[in-house]
Amino acid sequence: MTKRERFLTALRGGVPDQVPVSPLIHCRYAHTLLGRGDWEAVFEVHQRLGSIAFRGPQGIGCRSELPPGYAQESRVTEGPHGRRTSERTIITPTGRLISREVSGMIPHDPLVAKTVEYFVKSPEEWPIYQSYLEAWLEGATPDLSEITRACQVMAEEGVASASLGGVYQQVGGARGMEGLLMDLYDCPDVLGAVFEAAQEIVSRQVAAFLQSPAEVLYYDVCWATGSRMGPKHFERWALPELERAADLVHSVPGKYIGLYTLGRIRELLPMMVDAGPDFIETFEQNEGDLTMAEAKRLYGDRICIMGNFDSVMLARGTYQQALEEARRCLREGMEGGGYVMVTGDEVPADAKWENLRAMVETVEEHGVYC
């Protein structure tokens, strides 16, 4: 099997010739290794490692011609010791919203960034943000050039999935997790209108994915699962978008959707599985409350399980410990197919190459289906 065939077979719940292995290499580790953090650099790292890349360009690719009175401006300010402050301004007829993000504060990991000021600073500013979302949607058109090129470049050596932050994540990114959780309790009616506008944007992005050559939609819900909201709040504020996205994706043959989660998901997982994704990841160890073995036993006949190699082990562990961790993952997830060995979170910027190789070598030796 090619790498792409192996991955898609497991994603469909089948048994490939070998367990697919795909550590979550993002821009930070690629930058450490190659000095570049774009998706092509990530793909090159996977090629060198022998693993399968399944993260394509970040984002579906939609652009918008904003109507008169609306605009978005950006500027970057260079500071001392390599620090950079990125400022974005949303301009609307009823007001301006400003966000600021600082990066470069960790010399050996310069792509780490922290939002120090969010667009929405009080509940009274939500209508301004909602107005901007509605204006953006009015002039939005898909741009599939980058995802198309990624599919061509990766071909059978990877799966150029389209990545999308869900409604909850997009709204939370404008307010911050703590502020959003407070507003969901204090002014749910206001947030309901904002979520509705954001949902229309996400639906447009899903529609763009369905027009693209990409086969897999990588749907990020880590803001919702990582915020530790209770099941009732998850059912109201996060679940409807998952069901809607899964229904849209499955309306087109040969298209698949998976959920990227973090945190304590035990109580939320039954709802997520019922929403109908093809796979769920990552069943992380350090912050999670459900082992991969449990997930496989409870839901392995309904979804492909992706996880849960300890990411910290890649940076802090020995080569032998990495081998043992990979063997544990195979013991818990391999049987019966429907499993992809993935790290429990992003590969750290200071991960050891030999520990990443241990994942691939272990699969090549012990992850072959007879």
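Can you tell me which residue in the range 275-307 is surrounded by the fewest Cβ atoms within 10 Å (Cβ to Cβ), limited to those that are of a type in the set (Val, Ile, Thr) and touching a residue at least 40 places away in the same chain (Cβ under 8 Å)? Result: Thr291. Among residues of the range 175-205 being in contact (Cβ under 8 Å) with a residue 60 or more places away in the chain and under 22 Å from Ser64 (Cα atoms), the one that is surrounded by the most Cβ atoms within 10 Å (Cβ to Cβ) is Ala198.
Can you list the strands (runs of 3 or more DSSP E) found entirely within the range 1-118 that contain at least 1 residues being surrounded by 18 or more Cβ atoms within 10 Å (Cβ to Cβ) and modelled with pLDDT of 95 or more? Spell out how you get there, then give the answer.
Working: elements: 62-64, 71-78, 84-92, 95-103, 113-117.
The qualifying strands (runs of 3 or more DSSP E) are 84-92, 95-103.
Within the range 132-150, the only residue that satisfies the criterion of being modelled with pLDDT of 95 or more and surrounded by fewer than 20 Cβ atoms within 10 Å (Cβ to Cβ) is Glu134.
Of the residues that make up the range 101-114, is at least one touching a residue at least 60 places away in the same chain (Cβ under 8 Å) and under 23 Å from Leu184 (Cβ atoms)?
The initial filter retains those residues of the range 101-114 that are touching a residue at least 60 places away in the same chain (Cβ under 8 Å), namely 108-112.
Next cut, under 23 Å from Leu184 (Cβ atoms) only: none.
No.
Just one of the numbered conditions (1) in contact with a Gly (Cβ under 9 Å, 6 or more places away or on another chain); (2) hydrophobic (A, V, I, L, M, F, W, C); (3) modelled with pLDDT of 95 or more is not true of Cys222: (3).
Would you point out which residue out of Leu314, Leu330 is farther than 29 Å from Pro188 by Cα and in contact with a His (Cβ under 7 Å, 6 or more places away or on another chain)?
Values: Leu314 fails: in contact with a His (Cβ under 7 Å, 6 or more places away or on another chain).
Just a single option satisfies the conditions, and that option is Leu330.
Scanning the range 211-227 for residues that are assigned to a helix (DSSP H, G or I) and surrounded by fewer than 17 Cβ atoms within 10 Å (Cβ to Cβ) yields one hit, Gln211. In this structure, is Leu314 modelled with pLDDT of 95 or more, farther than 16 Å from Gln18 by Cβ and crowded, with 17+ Cβ neighbours inside 10 Å? The answer is yes for Leu314.
The values are calculated or read from the model by the stated rules, or taken from the named source; none is laboratory data. Please read these numbers as outputs of a predicted model, since none were measured by experiment. Using ideal geometry, Cβ is built from the backbone for each residue, glycine included, and neighbour counts are taken over all protein chains shown.
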